[in-house]
Amino acid sequence: MKPEVAVGRRRLLAVSLVALAGTVALLTVGVGTVVAAAAGAASQEEGCLACHGAAGLTLTLPGGESFPISVDPAVLRRSTHGSALTCATCHPDHTRYPHPPLTARTLRDYRVARAQICTTCHSQEAGQFAGSIHGRALVMGFPDVPTCTSCHGAHDVVRASAPAFRNNTPQLCGTCHGDPQIMARYGLLPVYEAYTREFHGVTTALYKLTKPYSPTPAAICYDCHGVHDIKDTEDPAAPVAPRNILTTCRRCHPTAGRFFASAWTEHKTPGPGASPLVWYVQIFYRVLIPAVLGFLAVLTVLDLSRWAGDRLKGRPR
Amino acid sequence: MRSRHPGPAVQRFTLAQRIEHFLLIITFNVLAFTGLPQKYFFTGWAERIIRLMGGIETTRLIHRTFAVLLILQSFYHIGAVLAARRAGRERGTMSITFRDVRDVLLDIAYLAGMRRERPVFGRYDYRQKFEYWAVVWGTAIMATTGLIMWFPEFLARFLPGVLVPAARVAHGGEAILAVAAVIIWHFYNAHFRPEVFPMDPAMFTGQVEVERLRREHAEEYARLVEAGIVRPLPEGADQPALPSVPPQ
């Protein structure tokens, strides 16, 4: 019995040693590869940043527009792509110098063309976007339609699930949807102002101000309208279409009663045509407050002046 | 104040009434302090107050906690009024009558120098009645609209949802009205009026000097003298004769 046990132990030891050596070797090779790759990427980045890291560089397009081509290394590193992508991932034909000439004539053309590179990885979002009102309008060539970088930025891309990105969304959408001139071109209402005064908008604004690291629990633009698949509000399939709106409300307000949808004032300023009840209440208080306060102020002034008058004339009160 | 009006005093407010008033000071102020920043959220001071509270969620939690306190207090008040009525104790003199309307007009005429004599007031004059009913009206509106905003999902089971944004407008408007009315009217009458400056202590001591009662609530004074509760003060040279007590 005893020798057998000894042999078993020796064999076990040998097998263990081999396994350990193998693991160490594999780890060394693996880490070495990653380190080498990172070093390669880093050196390549350094090559790009040797020129593009300088502040204030601009490029002028044939159409006459110029745009900045400087990249702040700190911003790039902090971005969500910073640790995952290299310059060449998004600029594959710019790895040599001199760079090939740009084909875009205008900044708009350049940005629309650049958005193509995003679809390489984000194909699902690209597919949704193509079918959205923004995507369809982009194909039609309207100049104000957002592309990927309009909302996500280029070198400063932040994770879309970050609280800051969520809390900042209304303002982001508001850059266009709060601009009456841009909206007028498409027959749309500038809704951003009205949103900021709504209950959801107030909560979101307060989160952005006082709790920037907590995502607002109140509905923001994409909670109701969709993200990359935003539809025309007139589209019967839109989540905000009259037939779907209550279902959309119930995603956050699961116990909402059947008359709940009219609590939403459609991003319109109350008036005789939009939520008239709200408008009447506004008028009521616009009249009541100055009337009551004015009456009280008059009584107060009268009381004080009678007292002063009595004192001046030496009358007891 | 006491030093200005030495002399005998009578009970004007019970301990329970004074506690009620003290509670109302606390609830009203906390509600205003946590509510106004929500209305004026876009200002710097509102941001600082909300930050101080630890964010909008905590601000709303404090606001709603004190709102519940105020609502409970209101129910207590209604109960106390009804109980006092049933027990035959006098507490119904708060009801506004035609006489109060007349008193306002006569008092304005007096203050404007168009009349020599100030109208004679009962236990509570028109100013005090106005303040009382302003609190009742304000609390009713604020509680109703506040609950609508707190439970919009439940409301929309029975009533149109448009009541929610309407309630929000009313809540904000009524808040401004209440706070401004307190600052103009209550602060003036209870603090800045030359006769009481810097403060009318009656609501805290529960007592009012008989002399002041005779001057400001002559009818109540006459009633208390008649009932033998108060010993009549010596007639001052400038003091008009006692008004006759109207039939109750």
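Every number here is computed from the coordinates shown, using simple stated rules; none is lab data. Please read these numbers as outputs of a predicted model, since none were measured by experiment. Note: ideal-geometry Cβ built from the backbone for every residue, glycine included; neighbour counts use all protein chains shown.
What to note about this one:
- Averaged over the residues of peptide B:43-54, the number of Cβ atoms from other protein chains lying within 10 Å of each residue's Cβ is 2.
- One equal scatterer on each Cα of segment B:111-160, no solvent, Debye formula: the resulting log10 I(q)/I(0) at q = 0.14, 0.21 Å⁻¹ is -0.58, -0.82.
- Annotation: amide H of A:LEU59 within the under-5 Å range of A:PHE67, A:ILE69, sequence separation 5 or more or interchain, hydrogens built in the peptide plane.
- Crossing angle, helix B:44-53 versus chain B [Cα axis fit, 0-90 degrees, rounded to tens]: 80
- log10 of Debye I(q)/I(0), alpha-carbon scatterers only, for segment A:90-164 at 0.11, 0.12, 0.17 Å⁻¹: -0.33, -0.39, -0.76
- Principal-axis tilt of helix B:126-150 within chain B, Cα atoms, nearest 10 degrees: 10
- Residues of segment A:244-285 with amide N under 14 Å of the 7 Å Cα→Cβ point at B:PHE151: A:255-257
- For the pair segment A:279-296 / segment B:145-195, the C-alpha centres are spaced 12 Å from each other.
- Estimated at 0.36 nm per residue, the fully extended path between B:ARG193 and B:HIS21 surpasses their Cα-Cα distance by 59.9 nm.
- Between 0 and 90 degrees, the angle of helix B:56-86 with respect to the longest Cα principal axis of chain B falls at about 40 degrees.
- Normalised by 2.2 N^0.38 Å, where N is the number of residues, the alpha-carbon radius of gyration of chain A equals 1.64.
- Potential lengthening between A:ARG286 and A:MET140 on full extension [0.36 nm per residue; Cα-Cα distance subtracted]: 47.9 nm
- Scaled to the globular estimate 2.2 N^0.38 Å, the Cα spread of segment B:192-235, given as radius of gyration, is 1.25.
- Look at the dipole of segment A:89-181 built from charges on Cβ: of A:VAL157, A:ASN167, A:GLY141, the Cα furthest out on the positive end belongs to A:VAL157.
- Spatial offset of segment A:297-317 relative to segment A:63-133 amounts to 77 Å, using the alpha carbon center of each.
- For A:LYS268, a cut-off of 26 angstrom between C-alpha atoms picks up these lysines, skipping any fewer than 8 places away in its own chain: A:LYS208, A:LYS231, B:LYS39.
- Other-chain or far-sequence residues with amide H under 5 Å of B:ALA9's (modelled H): B:VAL210
- When the convex hull of its Cα atoms is viewed from all sides, segment A:68-129 shows a mean projected area of 5.3 nm².
- Per residue, the convex hull spanned by the alpha carbons of the protein assembly as shown comes to 337 Å³.
- 5 angstrom amide H check on B:ALA156, placed H, neighbours 5+ away: A:GLY257
- Each Lys and Arg contributes +1 and each Asp and Glu -1, all at the Cβ; summed about the Cα centre of segment B:40-114, the dipole is approximately 300 debye.
- Of the peptides A:164-173, B:10-19, the ranking by mean beta-carbon count within 10 Å, highest at the top, reads A:164-173, B:10-19.
- Its residues counted as N, segment B:143-232 yields a C-alpha radius of gyration over 2.2 N^0.38 Å of 1.80.
- In segment B:23-120, the C-alpha radius of gyration followed by the widest Cα-Cα span (Dmax) gives 21.1, 57 angstrom.
- Overall Cα dimensions of chain B, principal axis frame, Å, largest first: 64, 41, 36
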